[in-house]
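The values are calculated or read from the model by the stated rules, or taken from the named source; none is laboratory data. In this text, all values refer to a predicted model and were calculated from it rather than measured experimentally. In this analysis, Cβ positions are derived from the backbone assuming ideal geometry, glycine residues included, and neighbour counts consider all displayed protein chains.
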Amino acid sequence: MRLVDGAEAIRGDLPSASTHDVEIPLEAGDAQGTGVLRLSSIAIVRDRVTEQIGRLPSPVITIGGDCGVEIGAVGSIANPDVAVVWFDAHPDLNTPESSPSGAFGGMVLRTLLGEGASELVPPNPLEPSQIVLAGVRSFDEAEDEYLAESGIPVLAPADVTAERLVAAVEATGAASVYIHVDLDVLDPADIEGLAAPQPFGVRATALVESIRALTTRFSLAGAGIAAFAPASVDAASSDMSTVLRIIAALTARPS
């Protein structure tokens, strides 16, 4: 319900003509023997997000929910010319077998890379060479092992600058970029509305500057903003200026 409140708070500050709602199933969903909690509901959300994006002109910004919404959003635009910058406190690189919790939010990127529950793996998975992790600072052991094998670059919070992000994406050879922002990438000093804040994060100014640099240098293929979970609807107001700065950076036209 905190994620619902967060999505509704952001929705209230967006232009209605440019905003399109995706209905989320009320039922919890079933794992269906996959090791992914609520898989059936996740698949429904994936299909509805994919359908909505298919109707809209690119780029589309997907806002609300947890990182699981990206399975439809990123899957809709994935191709060899797109790099994905994953701004997140966590790498989300577990599989159903390695996940300590079974929560899909910790498996999203690994699934987009083609490893995970077959019901959720996209038809055109990403390659590790297309990924840049930024602001990540909380890893599970299996995620550490995968990163060592895959060679995916990881920028610690202190290394998240406009120059380093642009250089990292240039190294992928991509012509366009998808920007994922889990708001827990931010330092808790800059945002309160998080379910599980992680200390020593990216400062909001550095995140906004990095996004602007990326959208100036590369074509924006799409973006996602996830995990806004204020304690209440009223509490959301203190964070809205930060959230809106991020949206403004994603939607600004390059000069």
Scan of segment 20-35 for residues that are in contact (Cβ under 8 Å) with a residue 24 or more places away in the chain, in contact with a Leu (Cβ under 7 Å, 6 or more places away or on another chain) and over 15 Å from Thr62 (Cα atoms), ordered by number: Ala31, Gln32
Hits in segment 110-146 - residues which are in contact with a strand residue (DSSP E or B) (Cβ under 9 Å, 6 or more places away or on another chain) and either of a type in the set (A, V, I, L, M) or loosely packed, with under 15 Cβ neighbours inside 10 Å (or both): Leu112, Leu113, Leu126, Ile131, Val132, Leu133, Ala134, Val136
Test: residue in segment 70-84 that is modelled with pLDDT of 95 or more, acidic (Asp, Glu) and in contact with a strand residue (DSSP E or B) (Cβ under 7 Å, 6 or more places away or on another chain): yes
Flag if Gly64 is closer than 27 Å to Arg245 by Cα and either touching a strand residue (DSSP E or B) at 6+ places or on another chain (Cβ under 8 Å) or of a type in the set (A, V, I, L, M) (or both): yes
Subset tally (residues that are buried (at least 17 other Cβ atoms within 10 Å of the Cβ), assigned to a loop (DSSP other than H, G, I, E, B) and not polar (S, T, N, Q)) for segment 191-203: 5
Glu192 being over 15 Å from the mean Cα position of the chain (by Cα) and either in contact (Cβ under 8 Å) with a residue 12 or more places away in the chain or within 23 Å of Arg2 (Cα to Cα) (or both): yes
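Per-residue answers, yes or no, for (1) polar (S, T, N, Q); (2) surrounded by 16 or more Cβ atoms within 10 Å (Cβ to Cβ); (3) out of contact with any Phe, Trp or Tyr (no Cβ under 8 Å at 6 or more places or on another chain); (4) in contact (Cβ under 8 Å) with a residue 40 or more places away in the chain:
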residue: Ser18; (1), (2), (3), (4): yes, no, yes, no
residue: Ile53; (1), (2), (3), (4): no, yes, yes, yes
residue: Pro57; (1), (2), (3), (4): no, no, yes, no
residue: Val60; (1), (2), (3), (4): no, yes, yes, yes
Breaking point among (1) crowded, with 21+ Cβ neighbours inside 10 Å; (2) over 26 Å from Phe218 (Cα atoms); (3) of a type in the set (Asp, Glu), for Glu70: (2)
Within segment 38-51, tally of residues that are without any contact (Cβ under 8 Å) to a residue 24 or more places away in the chain and either closer than 12 Å to Ala28 by Cα or of a type in the set (A, V, I, L, M, F, W, C) (or both): 3
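What residue, of Leu214, Leu207, is within 18 Å of Pro91 (Cα to Cα) and in contact (Cβ under 8 Å) with a residue 24 or more places away in the chain?
Step by step, each of Leu214, Leu207 is checked, and only Leu207 is within 18 Å of Pro91 (Cα to Cα) and in contact (Cβ under 8 Å) with a residue 24 or more places away in the chain.
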Residue count, segment 206-227 (criterion: under 25 Å from Asp187 (Cβ atoms), surrounded by fewer than 19 Cβ atoms within 10 Å (Cβ to Cβ) and among the polar types (S, T, N, Q)): 1
Unmet requirement for Ala231, which otherwise passes all of (1) outside any helix (DSSP H, G or I); (2) crowded, with 21+ Cβ neighbours inside 10 Å: (2)
Top-ranked residue in segment 25-61 [being farther than 23 Å from Pro96 by Cα and assigned to a loop (DSSP other than H, G, I, E, B); ranked as farthest from the chain's Cα centre (by Cα)]: Leu26
Filter result for the condition that a residue is more than 9 Å from the chain's Cα centre (by Cα) and buried (at least 24 other Cβ atoms within 10 Å of the Cβ), over Ala78, Ala83, Ala103: Ala83
Considering residues of segment 153-190 that are surrounded by 16 or more Cβ atoms within 10 Å (Cβ to Cβ) and of a type in the set (Asp, Glu) only, the residue farthest from Ala83 (Cα to Cα): Asp190
